Amino acid sequence: MRFEMKATRDGYGEALVELGKTNPKVVVLGADLTDSTRTGWFAKEFPDRFFEIGIAEQDMLNTAAGLSLTGKIPFVSTYGVFVSGRAWDQIRTTICYANLNVKIGGAHGGVSVGPDGATHQALEEIALMRVLPNMKVIVPCDAPETYKATMKAAELKGPVYIRFGREKIAVITKKDTPFNLGKAATFREGKDVSLIACGYMVYEALKAADELEKKKISAKVINLHTIKPIDKEAIIKAAKETGAIVTCEEHQIMGGFGSAVAEVVVENCAVPMRFIGIQDRFGESGTPEELIKEFNLDSSDIIKAVEEILKRK
Amino acid sequence: MERKKRPDIKGLEKEATEIRKDIIKMLGEAGTGHPGGSLSSVEILTGLYYYKMRHDPKKPDWPDRDRFILSKGHICPALYTVMARCGYFPKEELMTLRKLGSRLQGHPHMLYLPGLETSCGSLGQGLSIANGIALGARMDKKDYRVYCLLGDGETDEGQVWEAAMTTSHYKLDNLCAVIDRNRLQIDGFTEDVMKLESVRERWVSFGWHVIEVDGHNIKEVMDAYDEAEKIKGKPTMIIAHTIKGKGVSFMEDKAEWHGVAPKGEQIELALKELNMKPSKEQLEEAEG
């Protein structure tokens, strides 16, 4: 099946423009990456509500904090590595501690960023953000879902982190596919194993489920776009129904998405689990396709993990 | 809105002494906290809360209030005292500082205590927040002003200079910052830890209007706030030359008193000295 291809960052950029039209409180801040974060589209239409802060992530986060204290809804955007790492203390102590209404768009998540290499491939932000009280963390699976997540973030009170990627990826949801924050979406029913994924990896999980079907293995696929607050109910249900879970993320396994799922599983209904994700190493330069293979993130790796885990059931 | 008339200087000096006594008492009761920078910043805060700032302790959420952003969060004993004495909360509550369940956290938390504009404690962040508020005020066409207090040691933080660029880039003349230039930080003299001089030239070169004052001379401090309000097209930095531990002889100019609370006899001695202050001044006045 052929999918339309679109970058999740485009969904973010389009939502900001729509928010510009519909919500006068929304303002956007940039740190010299307005084009690649797609915030330039907002800046062009609403120059009075866009603040260029220059290459100064810490200042940008706290300037946004100040704007939020005047009732604005600031969206700040730069690459995920810089915003979550370099400005982590600002996000922690100024924004999350006081539950300030700042929205953070983290671009260039995952190894699929490609040739820029390890320094620009965010592989740690899910862990860094979800550990903070009051923070909500969303990793949408495609461009339309990123659009909806961004629109939703503006409605919520308090800090939100949205991760998006650089490359064009398959559009697997439709404009009218429901997006409920904090509620997992089951994209495919199955009874032998649950593939729980976020971001681009939802597509790889769906591909894997198709292949598994040919091998008479029935895989349930869950798009767990909201990592915090996490949908415990959906995870427990999946564990009980299928008795085995494979998590799929384009992020370090340690502390990340799979760990978040495991926290729920272990405490409520321990079943065998496998984690597809980055195994404690930094990224590399290469094409996105090469890197997905190099880091064992593609559907064939998911299939292998499923076959192994089924032996442990 | 009409600004307050200048309060009587002698009265404010006496009030400053009372504030210092409260700081010593609350730190003594807590057994922990930061006296040095609290004592050095008393007149800076007094000039704002008793004179310059438009604020109403009965309406801490008043949208048109001037905003005070404390960037060096550890000197909150001074801010808490000033706020209590202005009527934001009962004075007795000062004695709960740093205790479990208190609204007066060891470093300020805005969600606990009405009247605090931010939570702070990690240095270097306040000026950026103040910039954001000043930008918001401009967007909303509001005429309230934003004040921000930084420590001199705090300006070691790179973020302060990121923020300094933003304030001047956006020509935020509705913002006035103050550096409490007490020349000391935990590890010793600022010039030994990490050279800051020339403080004035640095801020001038970043595009700020700079005023230097004796930070313990309440009239000079108030004059500086008035001058800042008249400066258009650029932000103002007031460099307030102060003495760390001001008012308590054994604490003055001693880095050791940055973050250690007085105990037992030290409390009594400090209060005795401060109690003598008005009468000593009256004596000098009589002699002079």
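None of the figures in this text is laboratory data; all of them are computed from the coordinates on show. Treat the numbers as computed from the prediction; the structure is a model and nothing was measured. Neighbour counts are summed over all protein chains in view; Cβ atoms, including those assigned to glycine, are modelled from backbone coordinates with ideal geometry.
The table for this structure:
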{"item": "Failed condition for A:Thr37, given (1) crowded, with 24+ Cβ neighbours inside 10 Å; (2) in a strand (DSSP E or B)", "result": "(2)"}
{"item": "All positions within region A:194-225 that are of a type in the set (Val, Ile, Thr) and in contact with a Lys or Arg (Cβ under 7 Å, 6 or more places away or on another chain)", "result": "A:Val221"}
{"item": "Condition met for A:Gly255 (outside any helix (DSSP H, G or I) and within 23 Å of A:Gly80 (Cβ to Cβ))", "result": "yes"}
{"item": "So B:Thr96, is it of a type in the set (Ser, Thr, Tyr) and more than 8 Å from chain A (Cβ to nearest Cβ)", "result": "yes"}
{"item": "Search result, residues across region B:101-133 that are free of Cβ contacts under 8 Å to residues at least 12 places away in the same chain and either at positive phi or at the interface with another protein chain (Cβ under 8 Å from one of its Cβ atoms) (or both)", "result": "B:Gly101, B:His109, B:Met110, B:Leu111, B:Gly132"}
{"item": "From B:Glu220, B:Glu256, residue being free of Cβ contacts under 8 Å to residues at least 24 places away in the same chain and under 19 Å from B:Gly36 (Cα atoms)", "result": "B:Glu256"}
{"item": "Residue within region B:150-170 that is of a type outside the set (D, E, K, R), away from chain A (no Cβ under 14 Å) and not in a helix (DSSP H, G or I) present", "result": "yes"}
{"item": "One residue from B:Lys234, B:Lys171 being surrounded by fewer than 19 Cβ atoms within 10 Å (Cβ to Cβ), of a type in the set (Lys, Arg), touching a residue at least 24 places away in the same chain (Cβ under 8 Å) and on the phi < 0 side of the Ramachandran plot", "result": "B:Lys234"}
{"item": "Unique residue being free of Cβ contacts under 8 Å to residues at least 12 places away in the same chain, within 14 Å of another protein chain (Cβ to nearest Cβ) and of a type in the set (S, T, N, Q) when the list is A:Thr63, A:Thr70", "result": "A:Thr70"}
{"item": "Residue among B:Glu212, B:Glu229 that alone is acidic (Asp, Glu) and assigned to a helix (DSSP H, G or I)", "result": "B:Glu229"}
{"item": "Yes/no for B:Ile69 being over 20 Å from A:Gly66 (Cα atoms) and crowded, with 16+ Cβ neighbours inside 10 Å", "result": "no"}
